[in-house]
Every structure is written in structure tokens, then in C-alpha cells.
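Novice: Structure in C-alpha cells, see below.
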Amino acid sequence: MPEQISIFELVANASLLVQVVMGMLALASVMSWMMIFQRWFFLRRTSRDLERFEEHFWSGIDLRQLYTELEGGDNLTGVESIFSSGFREFTRMSEQAGVDTEAIMQGVQRAMRVAINREEERLESSLPFLATVGSTSPYVGLFGTVWGIMNSFRSLANMSQATLASVAPGISEALVATAMGLFAAIPAVIGYNRFSARVDVLLGRYEVFSDELASILQRAAHARTTTKSG
């Protein structure tokens, strides 16, 4: 019974360029899995923080008290950062004389929009890398395969009698590059699609929260203006 060649032997006996391609794909795969796990834990924690804050926000707590509690912490992120930015701008502009409700709300909405854009950058971190790995890894692996098969056929010119046993190892090691390209690409594509959907959901909830907060602050600003004019 003929001895079978292991995958390790195919990789070890591959040409230098094919080995470089395999090394790049292996590195891309390892980095992709690291980012997939990191994004999974991060987005899961962000979702829990959002639910916890919204529950606290709608519990009837005074907004100024909530703002004071948040300002006592460091490195606010997520919905806490959006609330803090909007309420800080509302407080600052409300203390200025001669500022009407419309001007106050424009400042509040602008501050919350900046905070949402900042959070969007945080949520989408690492996603471009996953998209790049998912879209390019199959082609990189295919390049290694084509190069390996080309070398196998070139070696046939130096043989007086070509047999399947003489070219099979070269073709097999070349096909390993395609397999590694798919192995790197498939998890990256799945992770990118999954995380992109979760990011869209979180951003949508941030938008809804900012609209609800703007409505609350607008009523407060209108009451303040009415009281002063009265």
C-alpha cells in the first residue's frame, strides 16, 4: 500500500513562493479569529450596557442627577457618551442669555450626532479587516495554487516519462493554498456579515434614543423659555 503524504509534508516541500502565500493566509486566518472573538465580546458587552442604561434612564431618575453620576466616571462610551454629550450641550446653552429653544436643540442634536459618529467608528473597528480577508483570501490562495501547478507542469519538461505519481505531490501542495484561502475567507465573511448586522441594530437604537432624549430636552427648553418670558 503506497504511503500517503501528510499535509505538513506538502507544505514543507512546496516552493518558496507558495510557502509565503500559505504563511500569509495562515497569519490572516489567525488575526481574523482574534478579531472575531474580540468583536463578539465587545458587541455583546455594548448591547448589555445599552439595555442597562436604558432601564436606568427610564426608571424616572432625574436627568441632571444621571448626568452628574456619569460625569463622575471616566471614558464614557456607547449610549452613556451620547446622553452625556447631549445633556452637557443642553446645560451649557441653557445657561446663556437670549438663546431660544431652537438654537438650544440644534446644539444638542449636533453634539449627539458627533457622539454617535464616534461610537460608529468604535463599533465598526476591525470590520474592514474582516471584509478584506474575506474578499481577497480566496484569490491569494488561488494565486499560490496556479503558481504551484505551473511549477509542476514545468518540471514535466525534464522528465522522460511523466506519471501521475510524479506530478500529484506538486499539484496537491498547490491545492493546499486554495484550501487555506477558503479557510481564512469563510469565517471572516461570516463574522463580517454578522457583526455588521449587529452594528446596524445598535446604531439604530442609538438614533432612537437620541431622538427620545431630544424630545425630552426640547420640552424642558420650552418650559424654561416660557418661565423666563412669563
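Derivation of every value follows stated rules applied to the coordinates shown; laboratory data play no part. The shown structure was predicted, so the numbers you read here are calculated from the model rather than taken from an experiment. Note that each Cβ is placed from the backbone with ideal geometry, even for glycine, and that neighbours are counted across all protein chains shown.
Novice: Apply the Karplus curve 6.51 cos²θ - 1.76 cosθ + 1.60, θ = phi - 60°, to the phi angles in region 198-215 and return the couplings in whole Hz, x for Gly and Pro.
Specialist: 5, 5, 4, 5, 5, 5, x, 5, 4, 5, 4, 5, 5, 5, 5, 5, 4, 5
Novice: Here's another thing I want to ask about it. If we count other beta carbons within 10 Å of each Cβ, what is the order of S152, S210, S47, fewest first? Please list the in-between numbers first.
Specialist: Working: S152 19, S210 22, S47 15.
Fewest to most other Cβ atoms nearby, the residues stand as S47, S152, S210.
Novice: Further question on the same structure: In debye to the nearest 20, how big a dipole does region 7-229 give about its Cα centre with +1 on each Lys and Arg Cβ and -1 on each Asp and Glu Cβ? Walk me through the numbers before you get to the answer.
Specialist: Values: 19 positive and 23 negative charges, 69 e Å.
So the magnitude is around 340 debye.
Novice: Another question about this same structure. Taking the dipole about the Cα centre of region 7-229, with the C-beta of Lys and Arg at +1 and of Asp and Glu at -1, give me whichever of G144, S29, A214 is farthest to the positive side.
Specialist: Positive-end residue among those listed: G144.
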